[in-house]
Structure formats: C-alpha cells, structure tokens
Amino acid sequence: MLSVYDPVIFSRLLTSLTLAFHIIFATIGVGVPVMIALAEWIGIKRNDPHYLLLARRWARGFTITVAVGVVTGTAIGLQLSLLWPKFMQVAGQSIALPLFMETFAFFFEAIFLGIYLYTWDRFKNRMTHFYLLIPVVIGSSASAFFITIVNAFMNAPQGFDVDALTGKIINVQPLVAMFNPATPTKVAHVLISAYLTSAFVLAGIAAISLLRGRKHVYYKKALKLTMVSALIFSIGTAIIGDLSGKYLAEYQPEKLAAAEWHFETTDQAPLVIGGILTENNEIKYGLKIPLALSILAHGSPNAEVIGINDLPKDEIPPLWIHYMFDLMAIIGVTLMLIALTYVVGQRLGKWNVHNKGLLRLIVLGGPLAMLAIEFGWIFAEVGRQPWILRGYMKTTDAATTSGHVDTMLLVFTILYIILAFTCVKVIRKMFKNYPAEEEIASRGGNV
Amino acid sequence: MSYELLGITVLWIFLYGYLIVASIDFGAGFFSYYSEITGNKQLIQPMIERYLSPVWEVTNVFLIFFMVGLIGFFPDTAYYYGTSLLIPGSIAVILLAIRGSYYAFSTYGTKNNRFYLFLYGASGWLIPAALSTVLIISEGGFIKVINGEVQFQYMALFTSPYAWTVVGLALISVLYISSMFLTYYAYKAKDHKAFEIVRKYALAWSLPTIVASLLVFFSIRNHNVEHFERMVDLSWMFVISFLCFLVAVYFVWKRVKLGWAFVFVMFQFAFAFFGYGASHLPYILYPYINIHEHFTNETMAIALVTVFILGLLLLVPSLYLLMRLFLFDIKYVQGNKNS
Ligand code: HDD
Ligand code: HEM
Ligand code: HEM
C-alpha cells in the first residue's frame, strides 16, 4: 500500500494519543483529592485512625499519578502549539484567558500539594493539616474547570467577530467566550465524572484486598466510603449527562443526530442502543427505546429532534461515535447499579456485601469508569469533526505543515508505554512492600 | 509602561524565575546521581531530597506559565514557533517527561534504583539545553518563510557556532547555579561534610560559567550584529553581572555570608538575563515577530493583566508559606522534621 505523508492525520493521532493518556491521570488528579479530603475529614471528626490512614495511603499513591499527570499535561500544553499552530494563533486571541487562569490553578495546587504531603505530623491541631488540602481540591478542580472551558469554546465558539476583509479576529469579549452555551454542562459533566471514576478506582483497590482474603476493617471502611460517594456521583453524572444531551440538541444537533443514528427529523423519536448500520443507513439488531431520544433531547416525548438528513452533509461527524455514546451511557448505568446494590445491601444489613460476586463487580467498575471517560471524550471530540472550532475553522486547516509528525507519533507512543508500565510497577510495589495492616501495627493506632 | 512591554516583562520575570528554580532542581538531580557513582551518596543525597521533594512540581509550573502567557500575549508566536519547533520542542517534552516521572518514581516509589536516578539526573541536566533552542532560534537566521509557509533550517542550527555556545552555557550554568544554592543549603543545614563537597562543585563550575558566558556574548556578534550592538549599549548590565559573580565566588571561597553569596548569584543572572532580554527587544523572533505589531488585542491584554494581578495575590502568600515551611525552617532543613 502506498501511503502519503499527511501531517493532519498524524497530528490528530498524536493529539488523541497524548490526551487519551493524560486524561487518565488528569481524572485521578481531579477526583482523588476530593476522596482524600473526605477520608481525612471523617477521620478527624470521628477520631478514627483508619480513615486517617486511608487519606495518608491514598495521598502516597497519588504523588506518583500526579507526576505522570504533570508531565503528560506539559506535553499536551506544548503539543497544542506544535501540532495546531493556526488554531492556537486564533485561540490566543480569543480564549487565552482560561488557559492563563489554569496556570494559576496549577500553581496553587502544586504549592499546597507539596506542603500537604510533607506536613502530616507537623501541626498540633489536625485540622490545620486538613485545611492545607482544601487549596489542592480547589486547584485541581479549577484547572479541570478552566481547561474544559477551552474545550467548550471549541464546540460553541462565541465572544469574537471575524473581520470579513482581513480575516482578523476583532471585538473580543473574553468572558462571553468563556461562558459559552457548552460551558455549564460540559464542565459539570467532566468534573462529576472525574469524581465518580476516582471513587470507583479507589473502591476497586479496597475490593481487591478484600478478595485476596484480607479481613481488616480498614478495607471495609474504605469500601463503604468510596461506594457511598460513587452512588452519589453516579446519579449526578447521569443527570448532568442528560442535560448534556439537551445542550447538544440545541447547539450541536449534528453531534446528537450522528450519535443516535437519527436520520429523519421527527417527533416522538426513539433512542437506538447498539445495532449495526446497513449500506442504506438502515439500523439492524439495535435495541429501540420508544420516545427516549425526544426525552433526552428536549425533555418531552413529543418533541421534535432534527435528523441527519436535514443537516449539511459535509458537516456530519463519523457515524461510529454512536458506539462511543452507547458504551459511555451503558457503563454509567452499570456503575450506578453496582453502587446502588452495595449501598442498599449495606443499609439492610441482612446480606453480606463483601461477597465475592459483588466485590468482583466493584473491581471491574474502576477500569470501566475510566473507559467511560475515554469513550465520552472520543465521542465529544470526534463528534465535533470536521471542525476544530465549530463553524469557524476546520481541523484540516489548523494542523501544522511540519514534517516528521509521524516519527514523533512513534516516539511518544513508546514514551507513554514506558511511563504507563513503570507507573503501575512502582505503585504496586509501594503498597505491596508495606501493606495497610503493617502500617496500622507500626503506628500503634496513632495515625 | 505600554501593555506589550508590561506583558513581555512579566513573562521574562517568570522565565527568569524558571531559570533559577529549574537550574537548582536539575543540577541537584545531576549531583545526586554523581554522588551515587562517586560514593558520596550518603553525604549529600538526603539533603538534596529534603529540598527537592516539596518543590519540584512548582518548578514545572513556571515553565507552563511562560508558555501559556506567551501565546496569550503574543498569539502569533504560536504560529511561528509552533511550526518550526516540532522536533526540538518534542525533545524537550520527552526530557521533561522522563525527568518528572522518574524523579517521582525514584523519590516516592522505588527508592535506591540506580537506573531511575540516572534517568532523572541525566534528563534534567539536558532540559535547559533543549529549551535554549527557543532562545537560539529567536535570534533569527534559522527560520525561512517560503510561499507563506514557515520552514525550519535544521542544518543552519547544527552548524551554528552561536547555537553551540548557548547550549554550552546552558549545560554549565545549571551546575553552577545549583551547586551555589546547595552550598548555602548545606551550610544552613549544618551538614559540614556535604557542605565541603558541594562547595568544591560550586568553585569548580564558576570559571567555566564565565568563560561560557563570554563566548555567547561574542558569538552573538557574528550571528546578529544588530542585537550585539544593542547589548553593547547595555554593557553596564553585563559588567554588574560580572561583579556580582566575583562577590558570590569570593564569599564561597572564604566560606562567609553564604546566603548573600547565593543572592549575588541570582543578581548575576538577573542582570545578564535582563540585559540580554532588553537588548533583544522589540523582537520576540527576529525579524518576524516584534512586541508592537504582534501583540494580542487590547481587551484580551487587559483581561490577562487583571487575571495576572489577581493571580499574584493568590500566589505570593502561598509561595511565601512554602518557603517558610521548607526553606527557612531551620528544623526542617536540618532534617529533624519529617513527614
Ligand atoms: C465516568 C464517565 C462517564 C459516564 C458514566 C457518563 N459520561 Fe457522558 N461524558 C463523559 C463521561 C461520562 C466525559 C468524559 O466527561 C465527557 C466527554 C466530553 C465531555 O464534555 O464529557 C462526556 C460527554 C457526554 C456528552 C457529550 C457532551 C458534549 O459533547 O458536549 C453527552 C451527551 C453525555 N456525556 C451524556 C451522558 C449520559 C446520558 C450518560 C448516562 C449515564 C453519561 N454521559 C455517562
Ligand atoms: C479539555 C480539553 C481538550 C482540548 C482543548 C482538546 C483539543 C483537541 C484538539 C485541538 C484536537 C485536534 C483537532 C481535532 O481533531 O478536532 C483534538 C482532537 C481529539 N481529541 Fe481532544 N481536546 C481535549 C480533551 C480531549 C480528551 C480528554 C480526549 C481523550 C480521549 C480527547 C480526544 C481527542 C480525539 C480522539 C481527537 C481526534 C478527533 C479526530 O481527529 O477525529 N480530547 N482535541
Ligand atoms: C478535560 C481534560 C483535562 C483535565 C480534566 C485536565 C486536568 C489536569 C490536572 C488535574 C493536571 C495536574 C495533575 C496534578 O497536578 O494533579 C493537569 C496537568 C496539566 N494539564 Fe491537563 N487536563 C485536561 C486536559 C488538558 C489539556 C487539553 C491541556 C492542554 C492545554 C492540559 C494541560 C495541562 C498541563 C500543561 C498540565 C501540567 C501542569 C503542571 O505542570 O502542573 N490538560 N491537567
């Protein structure tokens, strides 16, 4: 096969690769501080050393993921300019403000994380140490907030005009650009899904220990805290996901129509789950839920939903994003059910919630949640195609013209594989060499 | 002061901040590995770790700040540098990635892994050299615009004596700045054995630093005469920089006033760095981008400056707290307080 070097394709691949890798660590970076804060707070309030140890051990593992998050974040920050110079030129004029604010959020987070990690036993009043974590929580969620605003702007750009003659950007209104129609749902969904995923990942770790036959109450407390949080976050994720659908129906109908394989504009539109598409765009083997798409899009079974056939043909994203949406939503419902089963079982008290079946499902929940994050992002980003800045700039016009992007793709692939491998190895070793029981014993109950 | 001058000054201050804190950090990583192979490990590694652990992430943010701020204030830089820097930029990213992650792996995770220590020591030492390519390119002569497309002249870069002198200076000054700082830190920690070792490093790297600086100064003359002449106009700054150097080395030599010695090192680099920067103006990328024509729109400029001031209000007290807890807390520095 003859392949022609096309920097656009390689730039897309390299961007997706770096972001798909970064988002794993970014999600943990946003969610885990919240969980650490919860654990430390409960530990102090109830004077329960187990929760304090939980906070301490989570924080220790967190240092490793933060490091990888920071370096991959630095990579994406540089790569955006290296791979999409024309986009960044426009972005610099119009949406630089939240990017700039993000760096302050990073500073804030980094400074207090450094302090927090090294001051466990330095203050007489334990609450002082807890307060040092608050800026970390605010900083990491704020950085997700600001960067997601940039992404929202790419989906629903506003707050500037393009001079018809010179093509220059004029009349810039930074705040209008920041608070575009995509911002509320996007930011809320990204934040809460990060909390959900982190809760499930931590729950999975506790569940693994219980499955391995460790019976210490420490693990049960960890599981309870994480699963109750996960239930709350999963309900939130689904509600805000539903609102995101309404946003799409209003502002990016092509993304919603492509995701739902909705061809004809109709009211009382059904939602299709799964299935395959024949050559004539007929849906086979799909599960049809009557009226559900109208409800997702507009909150009413009789509402009209615009179909693919009534939208400009060259602005329809690839139809395979349908599967990305379905997988994300199915995982969302699954996670909610797992958490619900645990919490209800726990409340009723008659039933052993630490049975192998449920524990295994919880362990599975961590990777599933992370997959939902990946699917969700791929859906959102590919669903924006062919635009990089919807309505203003096409992806193909924004990419670098530089040679060697293919080589860079290869080099970064190798780099990320090595980083992922070492990261997992180091974290596993950290906890294997020093299990919680041992730490509880060595601290003699004083954590 | 006009907004564009304010913008570039703020960015330059942060780049200077990065230069200092990153040099300390990267050089310390290098010495940490060096002490491992020369068998001085027990003497200086604990001290280095105590200083580095709480601050390395903050160091990285200085760089991000500069990068994002540059694109915010001067959006066209994204276009020119973005197109031309793919390879050098990616090399810097890879080095930063290795350095940051293996530092964490080795400090928080698998302790005493020699290979990890080597990776982060070596990669850190090379980062300033990789990043310095941006400054090298900014002098002009390495980019051509052909049919409206930016093209980078790799051969011109590799065969340029100017480029190599800058790389040399980057490699050497990292070790100089770092060892000067560690000398002060060891002294404060009352760690006499470590002090003797790092003091030797500091003195050993002082002369090469000056030689390398002079080489850069004169090789600019062949590369970009216009810039060289503006530097000569500002020569008083470089003279003061040299005097600061003499004072700093004298103090270290005499083992007195070591805190001041490091302050003078900071002055030495401040005068040289701002002298270089001021004479570089109005160009950001000679001759394509200058601060007047390629500044962002006024609304964005005001918004960025406002956010910057608000950000500083948040940042300065936090940084102060960090320094108070770790740098100026005698008990912590001496290793009597640990996590
Ligand atoms: C744990 C992760 C997770 C889970 C369980 C869900 N989502 Fe999601 N979803 C995301 C994680 C995510 C995300 C990664 O955060 C995305 C990608 C881009 C974005 O804005 O958020 C996203 C995007 C996204 C979008 C596109 C928004 C846009 O492009 O602007 C919609 C319509 C939904 N989601 C809807 C849902 C629904 C109805 C769910 C049902 C439960 C759901 N999501 C579960
Ligand atoms: C919130 C911040 C994000 C920003 C600013 C952003 C920006 C970009 C840019 C500039 C591109 C290249 C142009 C394009 O193809 O449209 C892109 C594409 C892409 N991004 Fe994102 N992205 C973000 C988050 C993510 C995340 C977290 C993922 C993780 C999976 C992701 C996955 C992708 C994919 C798969 C593409 C390729 C789309 C295609 O070419 O078909 N993005 N994004
Ligand atoms: C929604 C997607 C994203 C989220 C939630 C996110 C979140 C985060 C978080 C939490 C960190 C810091 C890790 C830590 O200190 O705990 C981080 C690092 C970073 N991210 Fe992302 N990020 C996302 C996408 C992006 C994109 C698209 C960019 C590119 C502009 C980016 C740029 C960075 C940079 C430069 C860093 C390193 C900052 C440092 O040195 O401290 N991120 N990100």
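Using amide H atoms built 1.01 Å from N in the peptide plane, name the residues 5+ places from A:D267, or on other chains, whose amide H lies under 5 Å from its own.
Residues meeting the amide H criterion: A:V305.
If you roll a 1.4 angstrom probe over the protein chains with everything in place, what fraction of the accessible area of the stretch B:3-334 belongs to carbon and sulfur, to the nearest %?
70 percent
Past 24 Å, Cα to Cα: identify those pairs from A:K86/B:K144; A:K124/A:K221; A:K168/A:K313, in the order given. Don't jump to the answer; show the numbers that get you there.
Numbers: A:K86/B:K144 17 Å; A:K124/A:K221 26 Å; A:K168/A:K313 28 Å.
Table pairs above 24 Å Cα-Cα are A:K124/A:K221; A:K168/A:K313.
I need the fraction of alpha carbon pairs in chain B separated by more than 33 Å, rounded to a whole percent.
On the way: 16302 of 57291 pairs.
That fraction is 28 percent.
Considering every residue in A:416-423, what mean count of other chain Cβ atoms within 10 Å of its Cβ is obtained?
3
What do the square roots of 5 times the Cα gyration tensor eigenvalues come to for the stretch B:186-339, in whole Å, largest first, as semi-axes of the equivalent ellipsoid? Let's see the in-between values first.
Values: eigenvalues 250, 149, 24 Å².
With the √(5λ) rule applied to the stretch B:186-339, the semi-axes are 35, 27, 11 Å.
For chain A, with every protein chain kept in place, what is the accessible area per residue (1.4 Å probe, Å²)? Before the final figure, lay out each step's value.
On the way: 18890 Å² over 447 residues.
That works out to 42 Å² per residue.
Dimensions of the stretch A:283-374 along principal axes (Cα, Å, largest first)?
Sorted largest first, the three principal extents are 56, 29, 23 Å.
I'd like to check one number: the per residue accessible area of the stretch B:3-334, probe 1.4 Å, reported in Å² as a whole number.
Numbers: 13280 Å² over 332 residues.
Per-residue accessible area for the stretch B:3-334 comes out at 40 Å².
Which residue, B:P75, B:V61, B:A163, has the largest displacement toward the positive end of the dipole of the stretch B:3-334 when charges sit on each Cβ (Lys, Arg +1; Asp, Glu -1)?
The Cα lying farthest towards the positive end belongs to B:V61.
With θ taken as phi - 60° and the coefficients 6.51, -1.76 and 1.60, list the Karplus ³J(HN,Hα) couplings across the stretch A:154-168 in order, rounded to whole Hz; mark glycine and proline as x.
Each residue of the stretch A:154-168 in turn: 5, 8, 9, x, 7, x, 7, 10, 10, 5, 4, 7, 8, x, 7 Hz.
Students often check this: by mean Cβ neighbours within 10 Å, which of A:97-110, A:282-295, A:319-332 ranks highest, and how do the rest follow?
Peptide ranking by packing, descending: A:97-110, A:319-332, A:282-295.
Can you give the Kirkwood hydrodynamic radius of chain A from its Cα pairs, in Å with one decimal?
Working: mean 1/r = 0.0423 Å⁻¹.
Final number for the Kirkwood radius of chain A is 23.6 Å.
Cross-link partners among lysines for B:K254, C-alpha distance below 29 Å, same-chain residues fewer than 8 apart left out?
Cα-Cα hits under 29 Å: B:K41, B:K188, B:K190, B:K193, B:K200, B:K331.
So how tilted is helix A:85-94 from the main axis of chain A? Cα-based, degrees 0 to 90, rounded to 10.
Between the helix axis and the principal axis of chain A, the angle is about 80 degrees.
How well do other chains shield peptide A:116-122, expressed as the mean number of their Cβ atoms within 10 Å of each residue Cβ?
So the per-residue partner count for this stretch is 5.
For chain B, modelled as a GNM with alpha-carbon contacts under 10 angstrom, which of B:K188, B:K144, B:K254 fluctuates the most?
Comparing B:K188, B:K144, B:K254 in a Gaussian network model of chain B, the most mobile one is B:K254.
Which number do you get for Rg(Cα) / (2.2 N^0.38 Å) in the protein assembly as shown? Don't skip to the end; give the middle numbers.
Details: Rg = 27.6 Å, N = 786, 2.2 N^0.38 = 27.7 Å.
For the protein assembly as shown, the normalised Cα radius of gyration is 1.00.
Give me a single rounded figure for B:144-155: the average over its residues of other chain Cβ atoms within 10 Å of their Cβ.
1
How many angstrom lie between the C-alpha centres of the stretch A:398-447 and the stretch A:61-87?
Taking the Cα centre of the stretch A:61-87 as reference, the centre of the stretch A:398-447 is 15 Å away.
How do the peptides B:43-49, A:199-205 rank, highest first, by the average count of neighbouring beta carbon atoms within 10 Å per residue? The partial results should precede the final answer.
Values: B:43-49: 19.4, A:199-205: 26.1.
Descending mean neighbour count gives A:199-205, B:43-49.
With θ set to phi - 60° and the Karplus curve 6.51 cos²θ - 1.76 cosθ + 1.60, what are the ³J(HN,Hα) couplings of the stretch A:351-363 in order, to the nearest whole Hz, using x for Gly and Pro?
10, 6, 6, 9, 6, 4, x, 5, 4, 5, 4, 5, 4
Taking all protein chains as present, what is the carbon and sulfur share of the accessible area of the stretch A:106-173, in % to the nearest whole number, probe 1.4 Å? Walk me through the numbers before you get to the answer.
Numbers: 1730 of 2780 Å².
So the carbon and sulfur contribution to the accessible surface is 62 percent.
Spelling out what I want: for every residue of the stretch B:295-309, take phi, set θ = phi - 60°, compute 6.51 cos²θ - 1.76 cosθ + 1.60 (Karplus), and round to whole Hz; glycine and proline get x.
7, 5, 5, 5, 4, 5, 4, 5, 4, 5, 5, 4, 4, 4, 5
Show me you know the interface measure: the accessible area buried between A and B, both chains summed, probe 1.4 Å, in Å² to the nearest 100.
The summed interface area works out to 6000 Å².
Using helices alone, what [θ] at 222 nm do you get for the protein assembly as shown, with -39,500 (n - 2.57) per DSSP H run of 4 or more residues, divided over all residues and rounded to the nearest 500?
When only DSSP H runs of four or more count, the value is -25500 deg cm²/dmol.
Any idea what angle helix B:86-104 forms with the longest principal axis of chain B, computed on alpha-carbon atoms, 0 to 90 degrees, nearest 10?
So the inclination is approximately 20 degrees.
The values are calculated or read from the model by the stated rules, or taken from the named source; none is laboratory data. Predicted, not measured: the structure shown is a model, and the values here were computed from it. Methodologically, a virtual Cβ is constructed for each residue, glycine included, from the backbone with ideal geometry; neighbour enumeration extends over all protein chains shown. Side chains are part of the model used for accessible areas, which takes the heavy atoms of the whole protein and leaves out ligands, DNA and RNA. Shrake-Rupley method; radii C 1.70, N 1.55, O 1.52, S 1.80 Å.
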